[in-house]
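One structure below.
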Amino acid sequence: MNKYSVGIDISKNDFHACFSGIDNNQQVKVLRSGTFKNNRKGFVELAKWVKDTAREKIVPVVIIMEATGVYFENCALYLFKSGFSVSVILPNKAKKYIAALGIKTKNDKADAKALSRMGAEQALQLWQPMDDYFYELRALTRLYQTLQESITATKNQLEAAELSMYPSKTIIRSLKKLISETEKQLLIIRDKIYKHLASNGSVATKVNNIAEIKGVAALTIAVLAAETNGFLLFENASQLVSYAGYDVIESQSGLRVGKTKISKKGNARIRRALHMPALNVVRYKVKKFDIFFERNFQRHGIKMKSYVAVQKKLLTTIYALWKKGEKFDPEYDLKNTTRDGEAVQSSRPNFTEVG
């Protein structure tokens, strides 16, 4: 065998594993299948099962699984720490691969087999666990977003209740109380995010430097850092743009030329976080982005399309500032920046001022 591949279809309580190998003729053969519990005991059993099945010890083994919520995380972390090569792919990517194979059967065993074949045939990017600092930051920023969405939904309910044919004082009172309590929780989580950012001097300095962009708050930068593991997932801006779903796709066939648009096949939380800052930098006429917006708008006359373009430019600018540890300068074109220094740590960052 040239390569071994283990496909894992994982759920909350258990997971199905399929062990395959690809030979010199590029033929993928299933060698073994098994089911394990999604807990530490199951992970230990899986590791032993993989080592026992890999008859040719010098042949590389890759373990592939889908990013299904948080269910995959403990298994992936255990296997990573045990020295295995782990690859975690988006469910959408696996779905398209399975569809391309013409497989119509949909169950855990079939999915594990397909993932195993995918791992054997393709050179997939290896997974690395998120830094615990950014993992905690991600949990906080995602909770903050959930609370914001809850407040918006409850306010909509309140408006409907107040404008109804027969308004209920009990319902109106309950909804107002719920909004008040949720807003208190929102402030608490916001303060926890600020404290968490300030607990790391290097991160705090980077955040303050980027927040020099008028209209970009510390909370926005926190979301971007949290969703990208401090931008460590990317070697260049193009990878980040694709990850966030800002990569441009077009529909063209023969003489027909369709519209170009962003793929939106990426992290929606990043795009959501950049929506208001993109409006702000144009409204505050931050030169770098305001000029870019006007030029873009003149080409097609669609304001929202131009704002999306500003979102993308904001993202790549923040990425460059973060990587280089530099403070934003609206008069300076980051494309010409060559210095690659680290940020100078700030002794007392004040996130309430920048966000």
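Do the conditions hold for Ser263, that is, is it free of Cβ contacts under 8 Å to residues at least 60 places away in the same chain and under 30 Å from Ile89 (Cα atoms)?
Numbers: free of Cβ contacts under 8 Å to residues at least 60 places away in the same chain: yes; under 30 Å from Ile89 (Cα atoms): yes.
When the stated conditions are applied, Ser263 passes them.
For the stretch 200-232, enumerate the residues that are in a loop (DSSP other than H, G, I, E, B) and either free of Cβ contacts under 8 Å to residues at least 24 places away in the same chain or not aliphatic (A, V, I, L, M) (or both).
Let us first name the residues in the stretch 200-232 that are in a loop (DSSP other than H, G, I, E, B), namely 200, 211-217, 228-232.
Correct list: Asn200, Glu212, Lys214, Gly215, Thr228, Asn229, Gly230, Phe231.
Give the number of residues within the stretch 84-112 that are over 19 Å from Ala123 (Cβ atoms) and among the small types (Gly, Ala, Ser).
4
For the structure I just gave you, tell me whether Leu240 is at pLDDT below 95 and either closer than 16 Å to Leu274 by Cβ or not in a helix (DSSP H, G or I) (or both).
Yes.
Only one of Leu175, Leu79, Leu140 is more than 17 Å from Ile8 (Cα to Cα), surrounded by 12 or more Cβ atoms within 10 Å (Cβ to Cβ) and free of Cβ contacts under 8 Å to residues at least 60 places away in the same chain; which?
Leu175
Of the residues Thr170, Thr154, which is hydroxyl-bearing (Ser, Thr, Tyr), out of contact with any Leu (no Cβ under 8 Å at 6 or more places or on another chain) and modelled with pLDDT of 95 or more?
Within the list Thr170, Thr154, the selection yields Thr170.
Restrict the check to the stretch 185-192 and report whether at least one residue is closer than 27 Å to Lys313 by Cβ, within 21 Å of the chain's Cα centre (by Cα) and not basic (Lys, Arg).
Within the stretch 185-192, the first condition is being closer than 27 Å to Lys313 by Cβ, and the residues that meet it are 190.
Remaining after also requiring within 21 Å of the chain's Cα centre (by Cα): 190.
From the residues that got through so far, the ones that are not basic (Lys, Arg) too are none.
The answer is no; no qualifying residue exists.
How many of the residues in the stretch 95-131 are under 24 Å from Lys81 (Cα atoms) and either surrounded by fewer than 16 Cβ atoms within 10 Å (Cβ to Cβ) or small (Gly, Ala, Ser) (or both)?
11
Out of Lys109, Lys51, Lys95, Lys155, which single residue is within 19 Å of the chain's Cα centre (by Cα), assigned to a helix (DSSP H, G or I) and of a type in the set (Lys, Arg)?
Only one candidate passes the filter, namely Lys95.
The values are calculated or read from the model by the stated rules, or taken from the named source; none is laboratory data. Since the model is a prediction, treat every value here as computed from it, not as a measurement. Here Cβ is always computed from backbone atoms with ideal geometry, including for glycine, and neighbour counts include all displayed protein chains.
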